[in-house]
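Asker: One structure follows; several queries about it will come next.
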Amino acid sequence: MSGVSERYREAWESYWRATSDAPGEAIWDADPSLSAVRDVDRLAPHADLSLPIVDLGCGNGTQTRYLATRFGRALGVDLSHAAVEHARRADTARAVAEFRQLSLTDPAAVHELHERLGDVNVYMRAVIHQSDAPDRRPVAEAVATLVGRRGRGFVAELTEESKTTLARLAETPGGPPLKLRRVFDHDLRPADAGDVEVRELLAAAGLRILAEGPTALAQTEQWADGSRVELPARWFVVGRAPEGGGRLSTGVVRPPHSA
């Protein structure tokens, strides 16, 4: 069974129930050209693109639908039933992606998905940082279970620096902009995991870092000068560590500092 708290589950259900189908209404619902497009380019040199891809924490499916254009099969999963319904309604073209409700903290459900799909590639954008502390390791372990021996995972998480950016945004004249206020009103808690913690969680789950670098997660809010809000983050490409592994790779490929 899922280990998430009732508070956490209801926070996400209430958020997505109160969110319209309009693209970009969620503050993180950036166009794929600003997110998944570049993320897949980072993943591709390390991954077998013939494998399916699973988008963990897919929300309304914006990124999943793009992933379906780059992989033979794309499945988006989310804790929230309301989010999954959003995603299915938005997939109006020709059912290019699949969506289902799944808690990443439910090991039996995650294993069942792996049994059904086999090894897959994983796309996970900003899930660990907003999970309750007891749920973060199970989330990392879900990535390890799903990638198996052949798959690779792309993980992007907000850094501690993003807290400063969010605080600046919340302190703008008139208070937090509407999209950020909705996050707080529904008791969602962004940027709650530390930078070192994310690395430790990946290692404890038996994942090896194959490549990593700094990035920024584009948001759908703007600063007063009209520029886009971007939250500092770090991306990782991971794979299962060899038997007896679980330590961080000492041969990490670090690309130039670019978003």
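The values are calculated or read from the model by the stated rules, or taken from the named source; none is laboratory data. Bear in mind that the values here come from a model prediction, so they are computed numbers and not experimental data. Cβ sites come from the backbone with ideal geometry, for glycine too, and all protein chains shown count toward neighbours.
Asker: Could you tell me whether any residue of the range 97-114 is surrounded by fewer than 24 Cβ atoms within 10 Å (Cβ to Cβ), among the hydroxyl-bearing types (Ser, Thr, Tyr), out of contact with any strand residue (DSSP E or B) (no Cβ under 6 Å at 6 or more places or on another chain) and modelled with pLDDT under 95?
Answerer: Within the range 97-114 (the criterion being surrounded by fewer than 24 Cβ atoms within 10 Å (Cβ to Cβ), among the hydroxyl-bearing types (Ser, Thr, Tyr), out of contact with any strand residue (DSSP E or B) (no Cβ under 6 Å at 6 or more places or on another chain) and modelled with pLDDT under 95), the answer is no, since none of the residues qualifies.
Asker: Among (1) crowded, with 18+ Cβ neighbours inside 10 Å; (2) of a type outside the set (A, V, I, L, M); (3) within 21 Å of the chain's Cα centre (by Cα); (4) modelled with pLDDT under 95, where does Gly206 come up short?
Answerer: So Gly206 meets the others, but not (4).
Asker: Shifting gears a bit: Go through the residues of the range 171-178 one by one and say whether even a single one is among the polar types (S, T, N, Q) and over 29 Å from Ala74 (Cα atoms). If you could, list the steps in order and put the result at the bottom.
Answerer: Looking only at the range 171-178, we keep the residues that are among the polar types (S, T, N, Q), and these are 172.
Among the residues that remain, those that are also over 29 Å from Ala74 (Cα atoms) are: 172.
Within the range 171-178 (the criterion being among the polar types (S, T, N, Q) and over 29 Å from Ala74 (Cα atoms)), the answer is yes, since at least one residue qualifies.
Asker: Further, regarding this structure: Cβ contacts < 7 Å: first residue acidic (Asp, Glu), restricted to the range 223-247; second residue at pLDDT 95 or above, any location; separation 6+ or different chain. Result?
Answerer: From residues that are acidic (Asp, Glu), the pairs are Glu230/Ala216; Glu230/Leu217; Glu230/Ala218; Glu230/Gln219.
Asker: While we're here: Within the range 1-56, which residues are hydrophobic (A, V, I, L, M, F, W, C), assigned to a helix (DSSP H, G or I), in contact with a Ser or Thr (Cβ under 9 Å, 6 or more places away or on another chain) and closer than 23 Å to Leu113 by Cα?
Answerer: Those that are hydrophobic (A, V, I, L, M, F, W, C), assigned to a helix (DSSP H, G or I), in contact with a Ser or Thr (Cβ under 9 Å, 6 or more places away or on another chain) and closer than 23 Å to Leu113 by Cα: Trp12, Ala36.
Asker: Here's something else I'd like to know. Could you please tell me which pairs satisfy a Cβ distance under 7 Å, a separation of 6+ or placement on different chains, a first residue in the range 155-180 that is touching a residue at least 12 places away in the same chain (Cβ under 8 Å) and under 16 Å from Ala216 (Cα atoms), and a second residue that is among the acidic types (Asp, Glu) and in a helix (DSSP H, G or I)?
Answerer: These pairs meet every condition: Ala156/Asp39; Thr159/Asp195; Glu160/Asp195.
Asker: Could you tell me which numbered condition Arg89 fails, if it satisfies all but one of (1) within 20 Å of Trp28 (Cα to Cα); (2) within 17 Å of the chain's Cα centre (by Cα)?
Answerer: (2)
Asker: If you take the residues in the range 136-160 that are acidic (Asp, Glu) and modelled with pLDDT of 95 or more, which one is surrounded by the fewest Cβ atoms within 10 Å (Cβ to Cβ)?
Answerer: Of all residues in the range 136-160, those acidic (Asp, Glu) come to 141, 157, 160.
This time we only want the ones that are modelled with pLDDT of 95 or more, so: 141, 157.
Details: Glu141: 19, Glu157: 26.
Applying the filter and picking the extreme gives Glu141.
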